[in-house]
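Report on one structure; see the data block that follows.
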Amino acid sequence: MPDLPVIHPVILSGGTGTRLWPLSRAHHPKQLQALTGDRTLLQETVLRFAGDGCYATPVVVANDSHRFTVAEQVQAIAAHGARILLEPVGRNTAPAIAAAALLIAETDATALMIVLPSDHVIGDQQAFHAAVAAAAAVARDGRLVTFGMTPDRPSPEYGYIKMGAQIAGAPRAFEIDRFVEKPDAQTAAGYLAEGGYFWNSGMFLFRADAFLAEFGRLNPAMLDACRGAVADRREDLDFLRLDEKAFARSPADSIDYAVMEKTARAAIVPADLGWSDVGAWEALWELGDKDADGNVLFGDATVVDSRRSYIRSAPGTLVAGIGLEEMCVVAAGDAVFVAPRARSTEVRGLVEALRSQGRAVTDSHPRVNRPWGSYTDIDRGARFKVKRLTVKPGGRLSLQTHKHRAEHWVVVEGVATVTRDDDVMTLQPDQSTYILPGMVHRLENRGEQDLQLIEVQVGDYLEEDDIQRLEDDYKRG
């Protein structure tokens, strides 16, 4: 796109969806998972703009609770990283996009920005960049462009956009006749037969000032709240934190409802990108490499006399099946999901039923990421809990105390530096120490390899909120 200005990617990563449970959970959702290869969906989205002078450093709008995982994943694959803008509360896509637009407009009010979710798959990168160029050409003139995906089946899972007249001088860009909510299967089939209908992809391209002008005209209270949140933002390590009080004043709404369905500036660029929103396990079966019987096997999975099934195992778990016909089996360590493939989209209702039972498995995995590394719950019972801790080189936990529990640490690999009140000691593999309730303590890894240790907690209360942080490198409360 040599004749176009630099485009600013805005990647929306605030979702906590459950449609791919048990792998996707509130504290570690699908965009942070490696679902189609070695990289996570977020990483694949960031890499879509890497190594190309046509794109600026991305702005990633993220959920505050995911911030350290988002930062770690971006830093692992992007030479120039990203600007990570934290939403203090969820307000849907319209305020999130407005906040990013206000941030970008501070240095260039007329900057082009492309907005896209962090959890979609685009198979044809060349076609994607060609569509971006076509959209940018009309966005320069103040159009708010959305990308319509060419439907390959009459799906009731997507909203549709009816294409209108071609925009003068833009062979690939069209007016929008109307937006259509998710239809039933029969209506969707009628759209495909009629032609001119495209799936609503949730991807957009526009000038920052053009979007903000329409956004403010249609949603003045929302824009006012976003302006306050951006103006009063603060830097926190590698993050930009929107002001919580101001952002919370914004009504919650999607960009479609708040702007795109109401503006006269909307345009659509139809495209065939090998696109999927990865909205259900069925979508991963469609995307996956299939064996001779149409099965998609991911991880350590083996089937006999089975056809057209999706089987996914967790690390360290073998999934084996006999006589499976169009089934979905997903093992995720502490939970296994089984359903006919055609009904795998109903998992959201199942998760709500589990949540009503107070099941933590709906929100968290046994392994929990922390900025210093991770911990994995191994076992628990009355008055005890066992964890495996992994501390990265240079990582250290907060200086802290516990009111209700004692902890016994046993080093397995690496070298631990342990603070216990006024004493600092070094522990080698097979050595251990004991932390009494109320003792000020800290664990750190000053070595060059991961530190692995086993922690045994004993006490009347063993939840994570029994931590009083006295000092913390990562500025957690």
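The values are calculated or read from the model by the stated rules, or taken from the named source; none is laboratory data. Here the structure is a predicted model, which means the values were calculated and not measured. Please note: Cβ atoms are built from the backbone with ideal geometry, for glycine as well, and neighbour counts cover all protein chains shown. SASA here: full protein model, heavy atoms, side chains in, ligands and nucleic acids out. Shrake-Rupley method; radii C 1.70, N 1.55, O 1.52, S 1.80 Å.
If you take the square roots of the eigenvalues of the alpha-carbon gyration tensor of the range 347-391 and sort them as a ≥ b ≥ c, do you get rounded (a/c under 1.5), prolate (a/b over b/c) or oblate? Don't skip to the answer; put the middle values down first.
Working: a/c = 3.93, a/b = 1.61, b/c = 2.45.
It comes out oblate by the Cα gyration axes.
So if each residue of separation counts as 0.36 nm, and I subtract the Cα-Cα distance between Lys245 and Ser65, what length gain in nm does that give? Each step should come with its number before you reach the end.
Numbers: separation 180, 0.36 × 180 = 64.80 nm, distance 1.73 nm.
This chain segment gains 63.1 nm when fully extended.
Pull up the DSSP beta bridges for the range 276-354 and report the antiparallel fraction as a percent, rounded to 5. Kindly include the intermediate steps, with their values, before the conclusion.
Details: 5 of 16 bridges.
So the antiparallel bridges amount to about 30 percent of the total.
What residue among Phe179, Val351, Ala78 has its Cα farthest toward the positive end of the dipole of the chain, where the charges are +1 on Lys, Arg and -1 on Asp, Glu, each on the Cβ?
Positive-end residue among those listed: Phe179.
Would you please classify the overall shape of the range 1-132 from the alpha carbon gyration tensor, given that a ≥ b ≥ c denote the square roots of the eigenvalues, rounded means a/c under 1.5, and beyond that prolate means a/b larger than b/c while oblate covers the rest? Write down the numbers at each step before the final one.
Details: a/c = 1.84, a/b = 1.29, b/c = 1.43.
It comes out oblate by the Cα gyration axes.
Counting only helical runs of four or more DSSP H residues, what would the 222 nm mean residue ellipticity of the chain come to if each run contributes -39,500 (n - 2.57) and the total is spread over all its residues? Can you show the working numbers first?
On the way: 10 runs with 101 residues, N = 477.
So the calculated ellipticity at 222 nm is -6000 deg cm²/dmol.
If you count only protein heavy atoms with a 1.4 Å probe, what accessible area per residue comes out for the chain, rounded to a whole Å²?
On the way: 21060 Å² over 477 residues.
Per residue, the chain has 44 Å² of solvent-accessible surface.
Determine the share of the chain's accessible area contributed by carbon and sulfur atoms, expressed in whole percent, with a 1.4 angstrom probe.
On the way: 10230 of 21060 Å².
Reported share for carbon and sulfur atoms: 49 percent.
In whole percent, what relative contact order does the chain give with Cα contacts below 8 Å and a gap of six or more residues? Spell out each step's value before the answer.
Values: 1069 pairs, mean separation 65.3, N = 477.
The normalised contact order for the chain reaches 14 percent.
So how strong a dipole does the range 379-418 carry about its Cα centre when Lys and Arg Cβ are +1 and Asp and Glu Cβ are -1, to the nearest 20 debye? The partial results should precede the final answer.
Working: 9 positive and 3 negative charges, 47 e Å.
In debye, rounded to 20, the range 379-418 gives about 220.
Could you give the longest part of the chain that holds none of the GluC sites (Glu not before Pro) found in DSSP loops with at most 13 neighbouring Cβ atoms within 10 Å? Show your work: numbers first, answer last.
Numbers: sites that count: Glu106, Glu181, Glu448, Glu463, Glu464.
The longest such stretch corresponds to 182-447.
Please work out the Cα center distance from the range 421-477 to the range 368-413, rounded to the nearest Å.
7 Å
Points 7 angstrom from Cα along the Cβ direction at Asp472 and Val338: gap in nanometres?
In this crude spin-label approximation the distance works out to 4.1 nm.
For Ala109 and Gln428, calculate 0.36 nm times their separation in residues minus their Cα-Cα distance, and state this gained length in nm to one decimal. Working shown, then result.
On the way: separation 319, 0.36 × 319 = 114.84 nm, distance 5.63 nm.
Taking 0.36 nm per residue and subtracting the Cα distance, the gain is 109.2 nm.
Evaluate the relative contact order of the range 87-221 (contact order divided by residue number), counting alpha-carbon pairs under 8 angstrom at least 6 apart; express in whole percent.
Values: 190 pairs, mean separation 48.5, N = 135.
Across the range 87-221, relative contact order equals 36 percent.
Which order do the peptides 311-321, 354-364 come out in when sorted by mean C-beta neighbours inside 10 angstrom, highest first?
Details: 311-321: 16.6, 354-364: 13.8.
Ranked by mean Cβ neighbours within 10 Å, highest first: 311-321, 354-364.
Rounded, prolate or oblate: which one fits the chain, using the alpha carbon gyration tensor with axes a ≥ b ≥ c (rounded when a/c is under 1.5, else prolate when a/b beats b/c, else oblate)? Mind showing how you got there, number by number?
On the way: a/c = 2.20, a/b = 1.43, b/c = 1.53.
Oblate.
Per residue of the range 438-454, in order, report the coupling 6.51 cos²θ - 1.76 cosθ + 1.60 (Karplus, θ = phi - 60°) as ³J(HN,Hα) in whole Hz, putting x for Gly and Pro.
Taking θ as phi minus 60°, the curve returns x, 6, 6, 8, 7, 10, 9, 10, 8, x, 10, 10, 4, 9, 10, 8, 9 Hz for the range 438-454.
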